[in-house]
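Have a look at the structure below before the remarks.
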Amino acid sequence: MNIADLGPSGQPVLSRIPRLRAGAPIPTPMSDALILSSTQNGVLTLTLNRPSALNSFTTAMHGELLAALNAAATNSAVRCVVLTGAGRGFCAGQDLSDPAAAPDLTPGAKPKDLGALVAGYYMPLVQRLRTLPVPVVAAVNGVAAGAGANVALACDIVLAGESASFVQAFSKIGLIPDAGGTWLLPRLVGRGKALGLAMLGDKLKAAEAERLGLIWQAVPDAELASQAQALGERLAGLPTRALAATRQAMDAAGQMSLDQALAAEAQLQGQLGAAHDYLEGVSAFFNKRAPVFTDR
Ligand code: T3D
């Protein structure tokens, strides 16, 4: 799979990710694609595509999403990823009817190994999002529940349509927040709000999520896609390597003393200062021109 071969610049192309190959003709959208992909001006948009089940995760959808993110990580033409959902929802978390998760209600039946499911699918997905060498924007177009909410919150910048909502649905089915929820929520909104959201499982509307600092911004529904694309293009024009290092440093700093964080900043700054984008940025500044950043 090579996302660099997705049609000419400025021409969004919808395709089924696993079928993309270098030199392949532009594919037509397929109704059974679980992840839709389009690229425009360096921004790769990945759309979760199981709208009849609110884009809830099956193991198959996990596989396609991780493959698409892995391909983006090694494709220098991709400078930002936008993650969104098809239809009226963003993602309802785990598909509770997927054979990997659906409990067998027969008395005495062996329980499903949810630990293996979480470790095998949600853990690599969140790790991939948090280590992607380009920024990731979540464009939350409707309800984001359970792991769907936490996958959105694991992205770098979260935009949400004003009718979107976030639900820590886990407590309603006897589970704890996963997909990084126990780590993310208290860091984003503090322990008090995090526990309230997780224990009660109430729907949090996008505007309130913005007010609490859970997300970056709530925007009018009709503008979500265009604002996400514009934000993606803005990020794509920034020094990608420095943005990824910023995420890395901030995530690591949560476990560090101030002295350790200062030392980590010095180390990363040493690496970035020796890279092309720093020279380009300073040169562009003094020459009063727009910089062209290329580092990954
Ligand atoms: O395996 C494990 O459990 C471990 C991993 C856990 C990670 C998790 O994510 S656990 C949390 C799983 N998610 C949930 O519990 C959320 C369940 N869904 C809901 O609470 C509601 O659907 C929503 C609040 C998200 C949205 O409500 P509403 O009223 O807008 O929509 P709806 O009518 O409930 O759902 C629409 C359809 O999507 C419906 O199908 P139907 O009746 O039209 O054929 C519904 O069954 C389906 N759907 C929604 N969520 C899921 C789902 N199908 C499968 N799995 C789902 N999670």
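The values are calculated or read from the model by the stated rules, or taken from the named source; none is laboratory data. Just so it is clear, the model here is predicted, and its values are computed rather than measured. Positions of Cβ are generated from backbone atoms using ideal geometry, with glycine treated the same way; all protein chains shown enter the neighbour counts. The protein model used for the area step is the full one, side chains on, heavy atoms only, and it has no ligands, DNA or RNA in it. Shrake-Rupley method; radii C 1.70, N 1.55, O 1.52, S 1.80 Å.
Once you keep just the Cα pairs under 8 angstrom separated by 6 or more residues, what percentage relative contact order results for the stretch 231-296? Could the numbers behind the result be given before it?
Numbers: 41 pairs, mean separation 26.5, N = 66.
40 percent.
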_E223 paired with T294, simple spin-label distance in nm, labels 7 Å along Cα-to-beta-carbon_ = 3.6 nm
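Work through the residues other than A275 whose Cβ is under 14 Å from its Cβ and net out their charges, Lys, Arg +1 and Asp, Glu -1.
On the way: positive: R241, R296; negative: D277, E280, D295.
For residues surrounding A275, the net value is -1.
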*If the cut-off is a Cα-Cα distance under 29 Å, which lysines reach K205, setting aside same-chain residues fewer than 8 apart in sequence?*
K172, K193
*Mind checking the log10 I(q)/I(0) for the stretch 156-203 at q = 0.18, 0.22, 0.23, 0.30 Å⁻¹? Debye, one equal scatterer per Cα, no solvent, two decimals.*
-0.57, -0.82, -0.89, -1.19
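Kindly state, to the nearest 0.05, the FRET efficiency for D259 paired with A119, given R0 = 25 Å and r defined as their beta-carbon distance.
That gives a FRET efficiency of 0.15.
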*Nonlocal amide H pairs with V143, under 5 Å, H built at 1.01 Å*: F90, S165
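Counting residues in the chain as N, plug N into 2.2 N^0.38 Å and put the Cα Rg over that result. Could the numbers behind the result be given before it?
Numbers: Rg = 19.7 Å, N = 296, 2.2 N^0.38 = 19.1 Å.
Here the answer is 1.03, to two decimals.
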*For L238 and K203 in one chain, what is 0.36 nm times their gap in residues minus the Cα-Cα distance, to one decimal in nm?*
9.2 nm
*How large, in percent, is the carbon and sulfur part of the accessible surface of the stretch 181-248 at a probe radius of 1.4 Å?*
58 percent
_Radius, Kirkwood style, for the stretch 84-131 when every pair of distinct Cα atoms is counted (Å)_ = 12.8 Å
